[in-house]
Amino acid sequence: MSISLKGVAVITGASAGIGAVYADRLARRGYDLILVARNEARLDQLATRLEDATGRTVKTVVADLRNKADLKRIETIIATDPAITMLVNNAGVGGLEPLLHSDVDAMEMVDLNVTALMRLTYAAAPALVARGGGAIINIASVVAIAPEVLNGVYGGTKAFVLALGQSLQKELTDKNVRIQTVLPGATATNFWDAAGGALDNLPSNIVMTSDDLVNAALAGFDQGEVVSIPSLPDAADWANYEAARQKLIPNLSLNSVPARYRIAAAA
Ligand code: NAP
């Protein structure tokens, strides 16, 4: 094994699904890895396979990112290990049922999808700036822009991830730190079982494999995309959506009330 010239990538939720595919692809691209999740056996199995296949160094850290002490340990690793050049904030859980049919206790997804991702991003951004560069890849979802499709709180957590990335991109663009936000559509992983649904209930033409999803997202990363939507056939559709958003910005805070909101003065 040799020291990686690319540095070390930290991947959360690496024990399965999309995160495990990121681990494979980034090791093959020459990154050493730190894999984070709760299931120690699955992490160790993946680490051994990837070390054998790629010769890279793959460490594992067992952590429940909803647990404050565990989360703090990962924050400290990211902030203090000078070899870390990339963070893939992938760990996340979802909800499928609408608000009126779901329990608020199931909305603890906010702790993982929002709080953990935010705290790890906070640990990574200044550290990467101080190290002279790096990248943060945040896994959101298409429900960030289509929150009507699944549970609204899940959509809200992913809209948070998208907004955070848009803001950080502006803040870090001249500091050699890249932010990519990935918006997967339905992807064939355990996510659906964990969220209380069944992948088999979805039409097969809307479900991508995790291999295709990660390959496409990394192609978007290579092309310098800030937001990547692996399913979207025509990139111009996102560009137009983004252009419409940019067009709104100068008019979102003004000192005058437009005519449609003016209440007629009492006679
Ligand atoms: P998955 O197969 O269920 O994998 C989720 C990963 O997160 C697992 O490695 C799991 O490992 C880890 N994880 C869950 N809770 C955790 C916790 N409390 N602390 C640490 N790690 C935890 O699902 P996936 O589809 O790959 O999901 C990855 C990301 O893609 C999520 O952010 C999800 O919202 C997003 N996404 C998925 C889809 C889809 O259709 N699959 C679509 C859009 C977006 P352990 O159980 O070992 O902890």
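Entry remark, segment 2-24: residues being buried (at least 16 other Cβ atoms within 10 Å of the Cβ) and farther than 14 Å from Thr85 by Cβ number 13 in total.
Scanning segment 136-153 for residues that are out of contact with any helix residue (DSSP H, G or I) (no Cβ under 6 Å at 6 or more places or on another chain) and crowded, with 19+ Cβ neighbours inside 10 Å yields a total of 4. The set of residues from segment 80-105 being crowded, with 17+ Cβ neighbours inside 10 Å and more than 29 Å from Arg25 (Cβ to Cβ) comprises just one member, Ser102.
Just to be sure before I move on: is Arg178 without any contact (Cβ under 8 Å) to a residue 12 or more places away in the chain and basic (Lys, Arg) in the structure I sent? So that I can check it myself, show each step before the final result.
Details: without any contact (Cβ under 8 Å) to a residue 12 or more places away in the chain: no; basic (Lys, Arg): yes.
No: the conditions fail for Arg178.
Out of curiosity, is Ile77 open to solvent by 40 Å² or more (accessible area, probe 1.4 Å), touching a strand residue (DSSP E or B) at 6+ places or on another chain (Cβ under 9 Å) and modelled with pLDDT under 95? No, not satisfied. Report yes if some residue within segment 4-12 is within 7 Å of the ligand (Cβ to nearest atom) and either part of a strand (DSSP E or B) or within 23 Å of Ala135 (Cβ to Cβ) (or both); otherwise report no. Among the residues of segment 4-12, at least one is within 7 Å of the ligand (Cβ to nearest atom) and either part of a strand (DSSP E or B) or within 23 Å of Ala135 (Cβ to Cβ) (or both), which makes the answer yes. On inspection, Asp64 passes the criterion of being surrounded by fewer than 22 Cβ atoms within 10 Å (Cβ to Cβ), under 17 Å from Thr121 (Cα atoms), touching a residue at least 24 places away in the same chain (Cβ under 8 Å) and not polar (S, T, N, Q). Going through (1) in contact with a strand residue (DSSP E or B) (Cβ under 7 Å, 6 or more places away or on another chain); (2) under 14 Å from Ile137 (Cβ atoms); (3) more than 9 Å from the ligand (Cβ to nearest atom); (4) of a type outside the set (Val, Ile, Thr) one by one, Gly19 falls short only on (3). Listed here are the helices (runs of 4 or more DSSP H) enclosed by segment 160-256 that have at least 2 residues being open to solvent by 50 Å² or more (accessible area, probe 1.4 Å) and either under 29 Å from Ala27 (Cα atoms) or in contact with a His (Cβ under 6 Å, 6 or more places away or on another chain) (or both): 191-194, 210-222. Applying the set (1) within 12 Å of the ligand (Cβ to nearest atom); (2) without any contact (Cβ under 8 Å) to a residue 24 or more places away in the chain to Leu213 leaves exactly one unmet item: (2).
The values are calculated or read from the model by the stated rules, or taken from the named source; none is laboratory data. If you're wondering where the values come from, they're calculated on a predicted model, not measured in any experiment. Ideal geometry is used to build each Cβ from the backbone, glycine not excepted, and the neighbour counts take in all protein chains shown. Accessible surface areas use protein heavy atoms only, side chains included; no ligands, DNA or RNA. Shrake-Rupley method; radii C 1.70, N 1.55, O 1.52, S 1.80 Å.
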